[in-house]
Structures are given as C-alpha cells and as structure tokens.
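The values are calculated or read from the model by the stated rules, or taken from the named source; none is laboratory data. These figures come from a predicted structure and were not determined experimentally. Every residue, glycine as well, gets a Cβ built from its backbone with ideal geometry; the counts of neighbours run over all protein chains shown. Protein only, heavy atoms only, side chains kept; ligands, DNA and RNA dropped before computing areas. Shrake-Rupley method; radii C 1.70, N 1.55, O 1.52, S 1.80 Å.
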Amino acid sequence: MTLEITRVDVADLDLDLGDELAAIDNAALADVPLRRHTGETFLLDCRDRDGEGPDAGLWLAREDRRLVGYAALTLNLFENLDGAKILGAVHPDHRRRGIGRALMQAAEAATDRPRLRAPAWAATAGQYAVPRLGYTPHGSHEVRRLDVRGARPLELAASAADASRDYDLERFRGPCPDDLLGDVHVLREVINDAPEPGEFEAFPPQRIRGYEESLARRRQTPYTILARHRETREAAAITMVCVHELRPEIAAQEDTSVLAPHRGHRLGLRMKLAMLDWLRAERPDVESADTWNAPGNDPMIAINEALGCRLVARTVRFTRVRRGV
C-alpha cells in the first residue's frame with residue numbers, strides 16, 4: 001500500500017473531511033467513555049484548540065488515497081512557550097503499519113520548540129505506541145463522572161451549608177460581568193496551587209475575555225458560581241462548568257478553586273452542589289458532568305467522590321525534550 005502524508009490548513013477543512021476525521025477519532029477511542037465528535041465539533045476544536053488558537057498544523061495520512069489517520073500540532077500560547085502538543089489518531093484497521101510514526105515525525109518537524117507533549121488515553125493503542133516514538137510518561141489525569149440527575153444528597157448539602165454559613169454564592173451564565181472581572185482574575189489564578197508541573201498560569205482580564213470568546217466560537221456555554229465572604233466582601237472561591245451546545249449530554253467541569261485563607265469551610269462542596277441544582281433546573285439536556293483531577297489532588301478528589309463521582313477514564317501525559325533543535 002502507498003502511504004501519503006499531507007499537511008493541510010485547518011481553515012481549508014470542510015464538513016465532509018471533518019466527518020471523516022471525527023469517525024477516525026471516535027473509532028480510535030471507542031473504548032473510552034467520552035463525548036463523541038461530530039464533523040462539526042472536530043472542526044471547531046481544530047480551529048480553536050482550548051483557547052490556544054487554531055492548530056498550527058494538521059497532517060492527514062492516506063493509504064491508497066483513503067484517509068486513515070491524522071496528527072494536529074498546537075503551540076503553547078501563554079505559559080511554557082518552549083512547548084507544543086501533538087494530538088492524533090490512526091483508524092484501528094490501519095494500525096501497526098508505521099502510520100502513527102510518520103504522522104508524529106511530520107508534526108515534530110514542523111516546530112523548533114524543544115518540549116513536546118503527546119497525551120494518550122490509558123488502555124488505548126496510543127498509550128503503548130507513543131513511548132516507542134521517544135516519549136516518556138510524565139503525569140496523568142483521572143476523569144470522574146457525576147450523574148447530574150441523581151438524587152440530591154440532603155445531609156451533605158446541609159453540612160456544607162452550615163460550614164460555609166458566612167459566605168454567599170453568586171452566579172452568572174456566559175461571559176463574566178465587568179464588575180466581577182477583577183475577582184475572577186484572582187480566583188482563576190488559585191489553580192496554581194494544584195499539584196501540577198509547569199509555569200505559573202496567569203489569568204489577566206484579556207486572557208479571560210479571550211477564553212470566553214473561544215468558548216463561544218466552539219459553541220460552549222460556561223456556568224460560573226462564585227463564593228463571597230459576607231462580612232469582608234472578599235471573593236473566596238469559584239467553580240465553572242461548560243456545556244457544549246452541540247453535544248450537551250456530558251458537561252465539562254472546569255476550575256474549582258478556593259483561596260487559601262478561606263479553605264476549611266467546605267466551599268468547594270457547596271459550590272458544586274449549587275452547580276448541580278442549577279443544571280438540574282435549567283439544563284434538562286445535561287445528563288452528567290466530567291471532572292479532571294491530577295492523582296495527587298486529594299482535597300478535590302475527596303469532594304468529587306463525596307458527590308458520587310465515579311472514575312471512568314485516565315489520560316497519560318507523555319513528554320519528549322529535544323536537545324539542540
């Protein structure tokens with residue numbers, strides 16, 4: 001068979017090609033219980049990858065003119081500017097023919113950034129293939145899922161409300177109101193307390209606005225709850241959930257953070273319970289919510305498990321450092 005690797009501009013992709021790429025991605029991850037791509041959602045991600053802008057490059061693999069795989073390159077836009085991420089998939093019927101290696105090499109050759117990362121889902125072909133391409137495991141994330149439609153844990157809610165009785169909750173859907181932007185700036189940066197490697201993640205107002213615009217382009221609606229200390233009026237904690245309007249069944253939990261002076265009052269638990277109440281009332285199309293945790297983030301894992309979250313998947317972060325690129 002003849003293998004052809006071609007680079008394309010993501011702006012030139014049409015929906016028919018998006019459908020083919022989504023089918024490959026879904027087939028490669030058939031055993032991972034995640035939201036499935038459609039052609040439209042695949043194209044939206046390529047054109048605006050998690051607020052980091054469009055993919056810097058997309059490579060297509062064809063065997064005898066049949067599309068069988070792809071690789072996408074994303075360049076870090078904010079922190080760790082010496083780094084890049086490579087994603088991709090090969091259809092299960094075409095594995096073990098060197099296609100993944102050819103795609104990876106094409107993406108690697110397109111950047112001079114020395115620090116590369118290539119995440120893969122545990123127990124998939126990617127977890128076993130990526131190490132053979134010169135990458136080593138360096139951390140992981142666990143995905144837990146919560147049934148939004150489950151019964152409200154009344155005793156847990158009462159306990160959290162009592163422990164946080166000196167705090168009020170505020171909420172907003174969509175972009176952050178202008179008068180709360182300073183509070184959200186501070187609260188979003190609390191995520192740096194999490195046990196994650198890497199540089200400090202700054203969230204100035206312009207980055208927050210850029211992220212909100214990215215969510216809108218990708219047809220995602222953010223729901224945000226903020227906790228405020230009643231006496232001092234200090235913003236103390238935040239939690240966010242995003243609902244993908246093209247596939248709303250599984251919502252995505254974003255940051256949940258509590259400022260250090262306000263910890264110990266079960267604010268994280270109270271905010272998450274309030275978020276579930278909000279989604280139950282306003283989003284009957286949302287059935288569950290996925291949350292991602294580093295394995296060492298014991299406080300947040302404890303909250304999620306108390307809510308009834310169950311572990312459904314794990315992703316492995318593979319990295320490679322190139323010398324003298």
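Summary table
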item: Subset of the range 248-283 that is open to solvent by 30 Å² or more (accessible area, probe 1.4 Å) and basic (Lys, Arg) - its residue that is nearest to Pro33 (Cα to Cα); result: Arg280
item: Condition met for Leu103 (part of a strand (DSSP E or B), surrounded by 18 or more Cβ atoms within 10 Å (Cβ to Cβ) and in contact with a strand residue (DSSP E or B) (Cβ under 8 Å, 6 or more places away or on another chain)); result: no
item: Residues of the range 157-193 classified as surrounded by 13 or more Cβ atoms within 10 Å (Cβ to Cβ), over 28 Å from the mean Cα position of the chain (by Cα) and either small (Gly, Ala, Ser) or modelled with pLDDT under 95 (or both), total; result: 4
item: Within the range 1-37, considering residues that are touching a helix residue (DSSP H, G or I) at 6+ places or on another chain (Cβ under 6 Å) and part of a loop (DSSP other than H, G, I, E, B), the one farthest from Arg247 (Cα to Cα); result: Leu13
item: Some residue of the range 299-310 being among the small types (Gly, Ala, Ser) and farther than 18 Å from Leu156 by Cα; result: no
item: Of residues in the range 300-325 being among the aliphatic types (A, V, I, L, M) and in contact with an Asp or Glu (Cβ under 7 Å, 6 or more places away or on another chain), the one farthest from His141 (Cα to Cα); result: Val325
item: Pairs where the first residue, in the range 238-254, is farther than 28 Å from Arg228 by Cα and the second is part of a loop (DSSP other than H, G, I, E, B) and of a type in the set (A, V, I, L, M), C-beta under 6 Å, 6+ apart; result: Pro248/Val286
item: Residue match in the range 211-234 (condition: of a type in the set (S, T, N, Q) and out of contact with any strand residue (DSSP E or B) (no Cβ under 6 Å at 6 or more places or on another chain)); result: yes
item: The range 152-176 residues that are farther than 30 Å from Glu213 by Cα and in a helix (DSSP H, G or I), paired with ones that are open to solvent by 50 Å² or more (accessible area, probe 1.4 Å) and modelled with pLDDT of 95 or more (beta carbon under 6 Å, 6 or more apart); result: Ala160/Arg266; Ala160/Arg270; Ala163/His265; Ala163/Arg266
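Yes/no matrix, rows are residues, columns are (1) out of contact with any Leu (no Cβ under 7 Å at 6 or more places or on another chain); (2) small (Gly, Ala, Ser); (3) open to solvent by less than 60 Å² (accessible area, probe 1.4 Å):
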| residue | (1), (2), (3) |
| --- | --- |
| Ile5 | no, no, yes |
| Ala11 | yes, yes, no |
| Glu52 | no, no, yes |
| Arg66 | yes, no, no |
| Ala72 | no, yes, yes |
| Gly88 | no, yes, yes |
